[in-house]
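Asks: Have a look at the structure that comes next, please.
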């Protein structure tokens with residue numbers, strides 16, 4: 001269950017603040033007119049709905065016609081235990097709660113669902129999608145796809161785009177290995193000159209363009 005609520009943190013323009021699940025996880029929900037689908041964000045370790053990079057990506061997605069849901073996957077109390085930050089099963093379960101909320105809410109229930117995962121959040125998104133046919137598309141930014149586990153990777157049906165920076169050598173290797181295990185429609189895109197966080201000028205914008213193209217192809221209304 002989720003409720004809209006007042007929260008001391010000001011949401012991004014055009015977004016409302018909601019709470020999801022029994023943990024009352026805080027989230028930002030933004031729904032543009034005639035939304036083509038909704039993208040749920042899975043943040044990396046130590047991050048959450050306030051992530052400046054994911055909020056930038058989310059704003060660009062809303063501008064492109066997609067609803068977005070950025071949520072904290074852990075409560076403040078849970079974040080104090082660092083082991084929870086890397087508990088992929090726990091994080092995947094929270095993404096499932098978010099998908100349940102999307103399916104139940106009158107404003108979002110008819111929207112096709114996608115995931116945008118960063119770092120460890122990408123592993124959680126892939127693990128969650130392996131058991132959830134509602135997920136129609138996935139984009140991973142600098143993601144630890146390997147953390148989903150080989151069994152889960154092989155079960156993912158949702159078309160998946162893995163985006164990695166060319167200077168992120170270890171994560172490139174991990175994504176190439178995950179790519180080889182996966183059986184779904186998939187692509188591996190390497191952004192020239194980008195490191196793990198895509199802080200270099202123009203690199204995050206390239207991530208955005210790749211993500212928008214992927215979601216338009218695989219998450220947008222098939223009737224359009």
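The values are calculated or read from the model by the stated rules, or taken from the named source; none is laboratory data. Everything quoted here is computed from the prediction, not taken from an experiment. Methodologically, a virtual Cβ is constructed for each residue, glycine included, from the backbone with ideal geometry; neighbour enumeration extends over all protein chains shown.
Asks: With the checklist (1) in contact with a strand residue (DSSP E or B) (Cβ under 8 Å, 6 or more places away or on another chain); (2) surrounded by 22 or more Cβ atoms within 10 Å (Cβ to Cβ); (3) free of Cβ contacts under 8 Å to residues at least 60 places away in the same chain; (4) closer than 20 Å to residue 147 by Cβ in hand, flag the one item residue 74 doesn't pass.
Replies: Every condition holds for residue 74 apart from (2).
Asks: Residue 100 - would you say it is modelled with pLDDT of 90 or more, part of a helix (DSSP H, G or I) and farther than 15 Å from residue 116 by Cβ? Let's see the steps before the verdict.
Replies: On the way: modelled with pLDDT of 90 or more: yes; part of a helix (DSSP H, G or I): yes; farther than 15 Å from residue 116 by Cβ: yes.
In short, yes.
Asks: Of all the residues that make up the stretch 185-205, how many are part of a loop (DSSP other than H, G, I, E, B) and in contact with a helix residue (DSSP H, G or I) (Cβ under 9 Å, 6 or more places away or on another chain)? Reasoning before the result, please.
Replies: Residues of the stretch 185-205 that are part of a loop (DSSP other than H, G, I, E, B), as a first pass: 185, 192-202.
Then keep just the ones that are in contact with a helix residue (DSSP H, G or I) (Cβ under 9 Å, 6 or more places away or on another chain); that gives 185, 192-199.
Residues in the stretch 185-205 being part of a loop (DSSP other than H, G, I, E, B) and in contact with a helix residue (DSSP H, G or I) (Cβ under 9 Å, 6 or more places away or on another chain): 9 in total.
Asks: If you don't mind, there's one more thing I want to ask. Any idea which of 44, 48 is buried (at least 23 other Cβ atoms within 10 Å of the Cβ) and either in contact (Cβ under 8 Å) with a residue 24 or more places away in the chain or under 16 Å from the mean Cα position of the chain (by Cα) (or both)?
Replies: Details: 48 fails: buried (at least 23 other Cβ atoms within 10 Å of the Cβ).
Selected residue: 44, the only one of 44, 48 that is buried (at least 23 other Cβ atoms within 10 Å of the Cβ) and either in contact (Cβ under 8 Å) with a residue 24 or more places away in the chain or under 16 Å from the mean Cα position of the chain (by Cα) (or both).
Asks: Against the definition (more than 25 Å from residue 212 (Cβ to Cβ) and over 12 Å from the mean Cα position of the chain (by Cα)), how does residue 77 come out, yes or no? Don't jump to the end; show me each part of the working.
Replies: Details: more than 25 Å from residue 212 (Cβ to Cβ): yes; over 12 Å from the mean Cα position of the chain (by Cα): yes.
Criteria met by residue 77.
Asks: Regarding the stretch 130-142, can at least one residue be identified that is in contact (Cβ under 8 Å) with a residue 40 or more places away in the chain, in a loop (DSSP other than H, G, I, E, B) and surrounded by fewer than 24 Cβ atoms within 10 Å (Cβ to Cβ)?
Replies: no
Asks: State which residue is nearest to residue 63 (Cα to Cα) when the search covers only the stretch 1-17 and only residues that are modelled with pLDDT under 50 and touching a helix residue (DSSP H, G or I) at 6+ places or on another chain (Cβ under 9 Å).
Replies: Filtering first and then ranking leaves 2.
Asks: So which residues in the stretch 48-76 are within 24 Å of residue 220 (Cβ to Cβ) and part of a helix (DSSP H, G or I)? Full working, then the answer.
Replies: In the first step, residues of the stretch 48-76 are kept if they are within 24 Å of residue 220 (Cβ to Cβ); the result is 53-71.
The answer is 53, 54, 55, 56, 57, 58, 59, 60, 61, 62, 63.
Asks: Is it the case that the stretch 146-157 has a residue that's over 13 Å from residue 126 (Cβ atoms), surrounded by fewer than 19 Cβ atoms within 10 Å (Cβ to Cβ) and without any contact (Cβ under 8 Å) to a residue 40 or more places away in the chain?
Replies: Looking only at the stretch 146-157, we keep the residues that are over 13 Å from residue 126 (Cβ atoms), and these are none.
No.
Asks: Let me ask another. Could you go through the stretch 105-117 and let me know if any residue there is touching a helix residue (DSSP H, G or I) at 6+ places or on another chain (Cβ under 7 Å), crowded, with 23+ Cβ neighbours inside 10 Å and closer than 16 Å to residue 182 by Cα.
Replies: Checked the stretch 105-117: no residue is touching a helix residue (DSSP H, G or I) at 6+ places or on another chain (Cβ under 7 Å), crowded, with 23+ Cβ neighbours inside 10 Å and closer than 16 Å to residue 182 by Cα.
Asks: So, of the residues in the stretch 28-41 that are assigned to a strand (DSSP E or B) and in contact with a helix residue (DSSP H, G or I) (Cβ under 7 Å, 6 or more places away or on another chain), which turns out to be surrounded by the most Cβ atoms within 10 Å (Cβ to Cβ)?
Replies: So, considering only residues that are assigned to a strand (DSSP E or B) and in contact with a helix residue (DSSP H, G or I) (Cβ under 7 Å, 6 or more places away or on another chain), the one surrounded by the most Cβ atoms within 10 Å (Cβ to Cβ) is 41.
Asks: Test residue 125 against the criterion of being modelled with pLDDT under 95 and within 20 Å of residue 61 (Cα to Cα), and give yes or no. Give the steps one after another, and end with the answer.
Replies: Details: modelled with pLDDT under 95: no; within 20 Å of residue 61 (Cα to Cα): yes.
No: the conditions fail for residue 125.
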